[in-house]
Amino acid sequence: MTLFRRAIFTTAFLFAPVALFAIDPSESWLRHTIDDSSRGADGVKLGDLNGDGLMDLTVGWEEGGITRIYLHPGPKNAKQQWPAATIGETPSAEDATFVDLNGDDRLDVVSSCEGSEQALHVHIAPSSGSLLDGNQWTQFPLPGSVGRTRWMFANPATLEFQEKTIKAIIAGSKNPNGTIGYWEIPADPSSRKDPWNWNPLSDAGWIMSIILKDMDNDGDSDIVYTDRRGGNRGAYWLENPGAETMGWQKRLIGGWNEELLFSNFYDLDQDGLEDFVATAKSDRLLVWKRSDTSARSWQRTEIRYPPNTGHAKAVAIADFDLDGFPDIVANCEGAIPPKQGVFWLRQLPGKPIAEWEARGISGSEGIKFDRIVLLDIDADGDLDILTCEEHHEIDGKPNGLGVIWYENPFGARY
């Protein structure tokens, strides 16, 4: 039965953020490890790599200096470590993302590297043969990206212009030479001869998230992003001009005076307009309610992280307990035990967001988490929480928990 209910949502701007009640430190969901074989797992992205209808993963390991792919083993085996392969050496990898670069209907990978590496690395999947044989993948630095800046994040995109449609990679970096823009994917990227044209769209200080979305309902993809540091900080969207030769208009959502991290969209109040949610240093959730379809008018609410948690990092929204109301999951860095590093806010019908119930997910294990992906990994009808953890101490060494997922307990109850 489909539930049609309306959530109550507070849209007033709050100068003094409201704090949530403390979380029971013993409350947690079951954690499963996909991979803990290297160090510094940083970000996780989804894609059906082998065409079996199940979502596979790619992850960059920052301290380990590698990029890996993971094949979903099926719901029955998903609680074990997943089949994996190292597909390239990527020092200071901050992100890895799937994209079909050469049009062979098999996903490739692009890794974003900062530190002294300062390069985007391309990993071309074998057109036939074993995806789990890393030696069959072909790696090379994306021409023009080397030494340009410290690359942080990338997403594949199809950009619709009047003249033509472009297959592209939206990429963002942090200073020096911080930027956000797009690389045009050449006709034959594997040859390394065709040029990769770089189209900068805005200066940046430290790009944290990039989301492709038609913000103004005009039928083309705009670019939403959060910039963490410097004179350009805030949450913005770049309006696709519809013509390749025209400039992209930069429009502010909010947070020009904030240090924003990861972000997400969701229609929290179920009014037909998606709202924008971002985490902010050091311990807040900022919610911008969209006022109309133009995406040029927003109202802000802010909520402090609950006591007994760490510093704000990533956020995602879904109906986790299957009651028909959207809830919020967030995670942390600096969650020194016994603090909780992953928690969720359960919506209480008829209550403003500041009064939602804060509940634990991770328990006390895990210190520095990264972006959150929601996926029904075990096919039991609810959304599980997929993330990475970088700094948890194991046997006295801060190697981290690795690539992990938390099993949502609610699907099994229905």
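Within the stretch 187-203, track down each residue that is assigned to a strand (DSSP E or B), open to solvent by less than 70 Å² (accessible area, probe 1.4 Å) and farther than 16 Å from V110 by Cα. Hits for the stretch 187-203 are N199, L201, S202.
For beta carbons closer than 6 Å, sequence separation of 6+ or different chains, a first residue in the stretch 136-156 that is in contact (Cβ under 8 Å) with a residue 40 or more places away in the chain and a second that is among the aromatic types (F, W, Y) and not in a loop (DSSP other than H, G, I, E, B), the qualifying pairs are G144/W198.
Pairing each residue of the stretch 305-324 that is in a strand (DSSP E or B) and at pLDDT 95 or above with any residue that is of a type in the set (S, T, N, Q) and open to solvent by 10 Å² or more (accessible area, probe 1.4 Å), provided the two are 6+ apart or on different chains, yields C-beta distances under 9 Å for H311/S282; A312/S282; A314/S263; A314/N264; V315/S263; V315/N264; A316/N264; I317/N264. Does S173 satisfy the condition of being surrounded by 22 or more Cβ atoms within 10 Å (Cβ to Cβ) and within 26 Å of F265 (Cβ to Cβ)? Judged against the criteria, S173 is a match. Would it be correct to say that L46 is open to solvent by 50 Å² or more (accessible area, probe 1.4 Å), assigned to a strand (DSSP E or B) and at pLDDT 95 or above? Spelling it out, L46 is indeed open to solvent by 50 Å² or more (accessible area, probe 1.4 Å), assigned to a strand (DSSP E or B) and at pLDDT 95 or above.
Criterion applied to D108, D52, D104 was being over 17 Å from the mean Cα position of the chain (by Cα), modelled with pLDDT under 95 and not basic (K, R), and the one residue passing it is D104. Only a single criterion out of (1) part of a strand (DSSP E or B); (2) surrounded by fewer than 18 Cβ atoms within 10 Å (Cβ to Cβ) is not satisfied by D105, namely (1).
Can you tell me which residue is surrounded by the most Cβ atoms within 10 Å (Cβ to Cβ) among those in the stretch 327-349 that are β-branched (V, I, T) and in a strand (DSSP E or B)?
First, the residues of the stretch 327-349 that are β-branched (V, I, T): 328-329, 336, 342.
Then keep just the ones that are in a strand (DSSP E or B); that gives 328-329, 342.
Details: I328: 24, V329: 24, V342: 29.
In this case the residue turns out to be V342.
Of the residues making up the stretch 270-283, those that are surrounded by 19 or more Cβ atoms within 10 Å (Cβ to Cβ), under 21 Å from P326 (Cβ atoms) and not aromatic (F, W, Y) are D275, V277, A278, T279, A280.
The set of residues in the stretch 152-165 being open to solvent by less than 10 Å² (accessible area, probe 1.4 Å) and within 20 Å of G242 (Cα to Cα) consists of L159 alone.
A quick yes/no check of all residues on (1) of a type in the set (A, V, I, L, M, F, W, C); (2) surrounded by 18 or more Cβ atoms within 10 Å (Cβ to Cβ):
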{"site": "K351", "(1), (2)": "no, no"}
{"site": "W356", "(1), (2)": "yes, yes"}
{"site": "I361", "(1), (2)": "yes, yes"}
{"site": "K368", "(1), (2)": "no, yes"}
{"site": "A379", "(1), (2)": "yes, no"}
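Can you say whether S291 is open to solvent by 10 Å² or more (accessible area, probe 1.4 Å), without any contact (Cβ under 8 Å) to a residue 24 or more places away in the chain and under 26 Å from G350 (Cα atoms), as far as the supplied structure shows?
Yes; evaluated as a whole, the condition is true for this residue.
Tallying residues that are in a loop (DSSP other than H, G, I, E, B) and either β-branched (V, I, T) or open to solvent by less than 10 Å² (accessible area, probe 1.4 Å) (or both) within the stretch 221-249 yields 3.
Cβ-Cβ contacts under 6 Å between residues 6 or more apart (or on different chains), taken from a first residue in the stretch 27-41 that is crowded, with 16+ Cβ neighbours inside 10 Å to a second residue that is assigned to a loop (DSSP other than H, G, I, E, B) and of a type in the set (A, V, I, L, M, F, W, C), are listed as W29/I361; I34/W82.
When the stretch 30-42 is filtered for residues that are in a strand (DSSP E or B) and closer than 13 Å to S92 by Cβ, only D42 remains. In the set (1) buried (at least 22 other Cβ atoms within 10 Å of the Cβ); (2) part of a strand (DSSP E or B), the condition left unmet by M215 is number (2).
The values are calculated or read from the model by the stated rules, or taken from the named source; none is laboratory data. Computed from a predicted model, the values in this text were never measured in an experiment. Every residue, glycine among them, receives a Cβ derived from its backbone with ideal geometry; neighbour counts consider all protein chains shown. Just so you know, the surface numbers come from the protein's heavy atoms only, side chains and all, with ligands and any DNA or RNA stripped out. Shrake-Rupley method; radii C 1.70, N 1.55, O 1.52, S 1.80 Å.
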